[in-house]
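The values are calculated or read from the model by the stated rules, or taken from the named source; none is laboratory data. Every value quoted in this text rests on a predicted model; they were computed, and no experiment measured them. Cβ: placed from backbone, ideal geometry, glycine included. Neighbour counts: every protein chain shown.
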Amino acid sequence: MTQSDLPQLSPPQYTYFNELKYSIGNDPMVQVLNLIEFPQDGGYLIPIIVFSSRKKARALATILNLQKELGNITVNAIVIYDKSIVRPYGRNFTAEGLVDLFDDALSSNRYFKFAETKLFSPDTPSVYPVFTKSVIQFFNDDISDLYNNFNEVAAFVFRDVLRDEINGILINPSTEMDSSATEQEAE
């Protein structure tokens, strides 16, 4: 078997691009443009266009991980509204303020259900954006999958593209509960 006959894996920057495209991009008010490679190992750029409002664009820029380190590869994302790069909010948010921020950023996203705040531990607040019980799937040269697809629960894909914390408040993407599970808890 020659080197060219061996299975080839998708580079990590393409996986991250597709995670953004199929999670954040699953929104009629958002378009994730093609991955741009900078010359001389300068990294990669993913432009994200928001069509609806500057408020949504700034909220999205605030909750997204805008710089992802993948080994020795840097992938940057920028959010654009009305032909201008939008900067994240610089102010401090309370947990309740972050819930509103997630609503502003993701309200038209087809995977997003709601966000709420809850204590992670006695003194540590956390925000839980909740996503539909869905699988995000795309071709990715995954040799562990018969069809070479990437397959992941939506909340876990959002965990990859969202910030881990904002102002010291943990962000914990979660999957919606089954209505039957909620009914069983009530009994």
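The number of residues in region 128-177 that are over 11 Å from the mean Cα position of the chain (by Cα) and small (Gly, Ala, Ser) comes to 4.
Restricting region 95-127 to residues that are of a type in the set (Phe, Trp, Tyr) and surrounded by 19 or more Cβ atoms within 10 Å (Cβ to Cβ), the residue that is farthest from residue 170 (Cα to Cα) is 111. Contact map, region 57-69: residues that are among the aliphatic types (A, V, I, L, M) paired with residues that are at pLDDT 95 or above and assigned to a helix (DSSP H, G or I), Cβ distance under 7 Å, separation 6+ or inter-chain. Pairs shown: 59/101; 59/104; 59/105; 60/105; 63/101; 63/102; 63/105; 64/161. Right, residue 92: of a type in the set (S, T, N, Q), in a strand (DSSP E or B) and at pLDDT below 95 or not? No, not satisfied. The set of residues in region 70-91 that are touching a residue at least 12 places away in the same chain (Cβ under 8 Å), within 29 Å of residue 119 (Cα to Cα) and either buried (at least 20 other Cβ atoms within 10 Å of the Cβ) or in contact with a Gly (Cβ under 9 Å, 6 or more places away or on another chain) (or both) is empty. With a requirement of 3 or more residues that are modelled with pLDDT of 95 or more and more than 16 Å from residue 16 (Cβ to Cβ), the strands (runs of 3 or more DSSP E) lying completely within region 110-168 that satisfy it span 112-121, 124-131.
For region 47-80, enumerate the residues that are touching a Lys or Arg at 6+ places or on another chain (Cβ under 9 Å), closer than 15 Å to residue 160 by Cα and assigned to a strand (DSSP E or B). Scanning region 47-80 gives 64, 74, 75, 76, 77.
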